[in-house]
Amino acid sequence: MAFKVETLKEWGSRFRASFRAETPGSDAWLWPNVWGVLAKVLAQWAYLFDRRIKTALDQAFVSKATIDYLTRHGDELGMPRKQASYPEGAVRFTGTLGTSIPAGTILTRDDGATYATDATALVPAVGYIDVAVTGQATGPSGNALADTPLVMSPAIAAITETVVDPKGIGRGSDIEGIEDYRQRLLFRKRNPPHGGSESDYEMWALSVAGVTRAWAKGNAFREGTVAVWVMMDDAYLDGIPQQADLDAVQAVFDLNKPATATAVAIAPNLDNIDITIKNLTPDTAEVRANVEAALIELFKQAPQPSLPDQPFSLRISWIWQAIANATGETSHEVTIPGGDITFATGIMPSLGNVILVRG
């Protein structure tokens, strides 16, 4: 039987009834009466103890535990909470042969994000060199796309161009959200390790800072291969990891996978799906905003990439339902897309333009 927390009123009634039963001729419901006062005081203490017992009981379960006890569950499973991480990657310096780039050289992006070179490097005969750098602040805001221009400080005259290298700067992430951590621990408890099962690869991918979703497929390309598509929804606007991020996931696979398996981390390719909505009622700015928010949430939660022999279909009914769930909406019509959409391997849908038309 589940533990029930009595309300303050229920405890008060129970104590009043006990006093009346144990002291013939008294009535704790009448005023003035010392028994009524005692009943209120004892009810407050009993209610407090009830709440403490319930709170302590909740800590025994990952699904209910507060963050302090949730981390203890994670520690027992060898799955600590993912901490905020610094962006990492490389910067391509183009310049004169033999030019020295000192360790600790500061590089600044247009928005003020800064990076520092990890080691001293010399420009070789090819005229450029890729130097490892680390962001100066944790979080996804320091991640940068390939070819993003940077400014050196102090400047070196012999260096003519400084840009992020083709792999991009990635791996910057905030501390793992409590509910994300809870879901990762629940996934581990529901899918205990099986020596290289698909769920193992998904769990390994999710252990990497910034990775929010993963889908594994065994024998994806041939026998003995495992392909794992990963997303980093909080690190990038489109959620697509850069090569630097995929390299970090790949390193985890190489460390944990069975010796005979060939595993590869892959970024999905996005297919932007435009949605046209007709006759939204009521057609107000607030309802329109709520509809767009509902569609953004749908495309963040429901889609996954099509996997080999496991194509994914975006159901038109999901789109209708998401719009219907928007606060304030009473009716609408979805004219585009006109039906379910099935995607090729490695392709997953993302939200394109939301077009609302009248009449």
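All of the numbers you see were taken from the coordinates with simple rules; none came from a lab. Keep in mind the model is a prediction, meaning the values are calculated, not measured. Methodologically, a virtual Cβ is constructed for each residue, glycine included, from the backbone with ideal geometry; neighbour enumeration extends over all protein chains shown.
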Filtered hits (aspartates and glutamates, Cα-Cα < 13 Å from residue 257, offset >= 8 within chain) -> 198, 200, 202
Quick one: net charge around residue 76, please, counting Lys, Arg +1 and Asp, Glu -1 for every other residue with C-beta under 12 Å from its C-beta. +2
For P(r) over Cα pairs in 10 Å bins from 0, in percent, pick the label among [x] 5, 17, 19, 21, 17, 10, 6, 4, 1, 0, 0; [y] 6, 28, 38, 23, 4, 0; [z] 5, 24, 32, 23, 12, 3, 0 that corresponds to the value derived from the coordinates. [x]
Stretchable slack from residue 279 to residue 10, in nm (0.36 nm times residue separation minus alpha-carbon distance): 91.7 nm
Using the alpha-carbon atoms, what tilt in degrees (0 to 90, nearest 10) does helix 67-76 show relative to the longest principal axis of the chain? 60
What share of Cα pairs, in percent, lie more than 18 angstrom apart in the stretch 160-267? 49
Rounded Å value of the spacing that divides the Cα centres of the stretch 99-154 and the stretch 195-233: 31
Only helical DSSP H runs with n ≥ 4 go in: add -39500 (n - 2.57) per run for the chain, normalise by residue count and round the 222 nm mean residue ellipticity to 500 deg cm²/dmol. -10000 deg cm²/dmol
What one gets for the stretch 55-188 as the Kirkwood radius, inverse of mean 1/r over different Cα pairs in Å, is 16.9
The stretch 8-76: translational diffusion in µm²/s, Stokes-Einstein, Kirkwood Rh over Cα pairs, 10 °C, 1.306 mPa s: 113
What are the trypsin sites (Lys or Arg not before Pro) within the stretch 258-359 that DSSP puts in a loop, where the Cβ has at most 13 other Cβ atoms within 10 Å? 315, 358
Shape verdict for the stretch 88-164, please, from the Cα gyration tensor: rounded (a/c under 1.5), prolate (a/b greater than b/c) or oblate. prolate
Listed pairs 64/278; 82/217; 4/189; 82/300; 54/217 exceeding 32 Å between Cα atoms: 64/278; 54/217
Can you list, bin by bin at 10 Å, the percent of alpha carbon pairs in the stretch 270-357, starting at 0? 18, 51, 24, 7, 0
